[in-house]
Amino acid sequence: ANLICGTCTAREACINAEGPGYGYLNKRRNTLGSPLLRAHPDSLPDPEDYPIENTMLIWDEPGQNFQVKQSVTITFNDLQQTISGLIAYPEIFPLVQPLLTALLPLMDGSENLGKYGLNHLALKAKLPDMDGVKLGELAQILMPNLGFLNTTSDYGIDLADLPKQLRKKFSERDSEMAEQARNGVCKQWLVPLIRILQGGAGCIQLSRYGLLTLNTPNPRHRDLAQAAQANVFLDATLSREDLSLKLGCSPDEILVVRQAVPDTQNLEVIQVPDLGRVGMSRGGDQLKRIDALAQHYQDLDPETTSLIDFKQNERDGAWWRDSRGVNDFLNVQTLVLIGTPCRNLNDLAAEFAITSGYYPEDDDPAFTAFIDRSILAEIHQAIGRLRAHRRPEESLQVVLISNITMDIPVKQL
């Protein structure tokens, strides 16, 4: 960060100026000194640099915003670039050559990976044992070199030490810098991959197109929560069990405070379960039946009926974007929810693996319950878009077209 900021031509304006497009560091310094601060958790400084032991953190929607993992995607070009960088080290390259050789046919398109690619367990079975590989020297070789940012280093002078005007004259254009970064800086993936294969935390996945994804723990949010004096988590549908997984603590350490649930007898939840799961991939007959149901409810009351579906079939709203945190349906009396809003299963499996310490098999009951809680949270959020407790004099209904087993009383049709 010091090298990047120090060689930037806008450094002075960033530190001292104010106004639109200027003064980011200046504004950040002033804001962090305030007694009350609103920020995205990724924007908060490291608690070691900015103590927060006397601070209460209030987290909004931690089910979505509290992250425990980070992902990096590796392409075939990234693999080639890493191989090119290691060939020059004959004492190191043979140690990782079996792994790189095994990855080549998986990522160059020559091997059929199936419709859904390879999950962690299937991919790990295809890769060699890396237990004997020591990572220290390999990490030093692959460490990114950002020296190209310091364009005056060949003259014995750091670009950061030059006055503003001289720094601008010796700085290259952003496009040229970006090109050098693309061509000369290796993506940091090989060491984390070997660490996972050696039993470290994280998991790997390979898409049908040969894209390798590494999911590793991201302790940033957890470290912030642990460093604070107290934490309040505001989320209507996040369970104590899932929050404890994110925090790495016992569920008993979390005090749950609920608002008294208002009487919503004016709201009827109807479920149509016999069309199946109703995911994003649908057959022709299934599409006709869904369209017939949707048209039926729209014909009954076209003015106050809205439909939420997946984005590719969007009508009045889309799952995730419009099904939580919005008040766009306050004038709607019939809300039709089409489909089962399940996040990408590979992403859910990666989060479960990092928080639970193991990658689940397909029939793992704990993982199945984890998926169900994720789905039901989205459905409950969507039901709440009608704000039935604010409209006690109106007769409202939610129609769910999905075979998911609900955890509340519903009328099945």
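The values are calculated or read from the model by the stated rules, or taken from the named source; none is laboratory data. Treat the numbers as computed from the prediction; the structure is a model and nothing was measured. Here Cβ is always computed from backbone atoms with ideal geometry, including for glycine, and neighbour counts include all displayed protein chains. These area figures cover heavy atoms from the full protein model, side chains too; ligands, DNA and RNA do not enter into them. Shrake-Rupley method; radii C 1.70, N 1.55, O 1.52, S 1.80 Å.
Taking segment 10-27 as the range and being within 20 Å of Q165 (Cβ to Cβ), outside any helix (DSSP H, G or I) and open to solvent by 100 Å² or more (accessible area, probe 1.4 Å) as the test, only Y22 passes.
When residues in segment 128-157 are screened for being in contact with a Ser or Thr (Cβ under 7 Å, 6 or more places away or on another chain) and either in a loop (DSSP other than H, G, I, E, B) or loosely packed, with under 11 Cβ neighbours inside 10 Å (or both), 2 of them pass. Cβ separations smaller than 6 Å between residues 6+ apart or across chains give the following pairs from segment 185-205 residues that are open to solvent by 40 Å² or more (accessible area, probe 1.4 Å) to residues that are among the hydrophobic types (A, V, I, L, M, F, W, C) and in a loop (DSSP other than H, G, I, E, B): Q198/M130. Quick one: would you say R38 is out of contact with any helix residue (DSSP H, G or I) (no Cβ under 7 Å at 6 or more places or on another chain) and either acidic (D, E) or not in a loop (DSSP other than H, G, I, E, B) (or both)? Criteria not met by R38.
Just so you know, in segment 334-366 the residues that are open to solvent by 60 Å² or more (accessible area, probe 1.4 Å) and more than 20 Å from T237 (Cα to Cα) include one that is modelled with the lowest pLDDT, and it is D362. For segment 226-236, state whether one or more residues are touching a Lys or Arg at 6+ places or on another chain (Cβ under 6 Å), modelled with pLDDT under 95 and surrounded by 13 or more Cβ atoms within 10 Å (Cβ to Cβ). Scanning segment 226-236, I find no residue that is touching a Lys or Arg at 6+ places or on another chain (Cβ under 6 Å), modelled with pLDDT under 95 and surrounded by 13 or more Cβ atoms within 10 Å (Cβ to Cβ), so the answer is no. If you go through segment 206-225 and keep only what is open to solvent by 40 Å² or more (accessible area, probe 1.4 Å) and among the hydroxyl-bearing types (S, T, Y), you end up with just Y209. For segment 166-197, a residue qualifies if it is assigned to a helix (DSSP H, G or I) and of a type in the set (V, I, T), and the qualifying residues are V191, I194, I196. Of everything listed in (1) under 30 Å from N77 (Cβ atoms); (2) in a helix (DSSP H, G or I), the single unmet condition for G200 is (2).
Out of everything in segment 285-315 that is assigned to a helix (DSSP H, G or I) and charged (D, E, K, R), what residue ends up being least open to solvent (accessible area, probe 1.4 Å)?
The first filter runs over segment 285-315 and keeps only residues assigned to a helix (DSSP H, G or I), leaving 285-300, 311-313.
Next, only the ones that are charged (D, E, K, R) stay: 285, 288-289, 291, 299, 311.
Values: D285: 102, K288: 150, R289: 98, D291: 72, D299: 100, K311: 155 Å².
The residue in question is D291.
Check segment 47-60 and report whether any residue there is assigned to a helix (DSSP H, G or I), out of contact with any Gly (no Cβ under 9 Å at 6 or more places or on another chain) and either farther than 30 Å from N2 by Cβ or among the acidic types (D, E) (or both).
From segment 47-60, those assigned to a helix (DSSP H, G or I) are none; that's our starting set.
No.
Please go through segment 125-180 and give me each residue that is of a type in the set (V, I, T), touching a residue at least 24 places away in the same chain (Cβ under 8 Å) and more than 30 Å from L103 (Cα to Cα), ordered by number. Steps first, please.
Quick first cut of segment 125-180, residues of a type in the set (V, I, T) only: 133, 141, 151-152, 157.
From the residues that got through so far, the ones that are touching a residue at least 24 places away in the same chain (Cβ under 8 Å) too are 133, 141, 151.
Once the filter is applied, which keeps residues that are of a type in the set (V, I, T), touching a residue at least 24 places away in the same chain (Cβ under 8 Å) and more than 30 Å from L103 (Cα to Cα), segment 125-180 yields only T151.
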